[in-house]
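A quick write-up on the structure given underneath.
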Amino acid sequence: MAFSIGHISGCLLNPAVSVGLAVGGRFPKSELLPYIVAQVLGGIVAAAILYAIASGAAGFDAKAGFASNGFGELSPGNYSLVAVLIAEVVLTAFFLFVIMGATDGRAPAGFAPLAIGLCLTLIHLISIPVSNT
């Protein structure tokens, strides 16, 4: 997505990243609320599409924690709420750090989407066992 729409909207798909960029002075605070509304609506549409696909499988049960983050028994590794919160906050901060660095004017041109995508992959590899990301 960063290669596809990065030049249009900055590929801001995550409200946490949008807030971080606004706080860091890299995104206009006046545009923050409309972006967050669009991001949440996009997430709802994406979840509805995933639900429509997943519910087509025999034995599907949305009450079993369909595509949800969790702690305790909803965590793949049975991690506590505190452990999940720490992992989510630290990894999101790390992600924002990579985004800020990769999109800085002094960074090598054209590599930001690659750096951001690889960072997001690493974050998922780390956090899926903790919170189901």
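The values are calculated or read from the model by the stated rules, or taken from the named source; none is laboratory data. Quick caveat: nothing in here was measured; it's all calculated off a predicted structure. All Cβ positions, glycine included, derive from the backbone under ideal geometry; neighbour counts span all protein chains shown.
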* To do: Select from region 26-52 the residues that are within 12 Å of residue 12 (Cβ to Cβ), modelled with pLDDT of 90 or more and surrounded by 12 or more Cβ atoms within 10 Å (Cβ to Cβ) and list them in ascending order.
  => 31, 32, 35, 36, 38, 39
* Structure fact -> When region 65-100 is checked residue by residue, the ones that are surrounded by 15 or more Cβ atoms within 10 Å (Cβ to Cβ) and part of a helix (DSSP H, G or I) are 74, 83, 84, 87, 88, 91, 92, 95, 96, 98, 99, 100
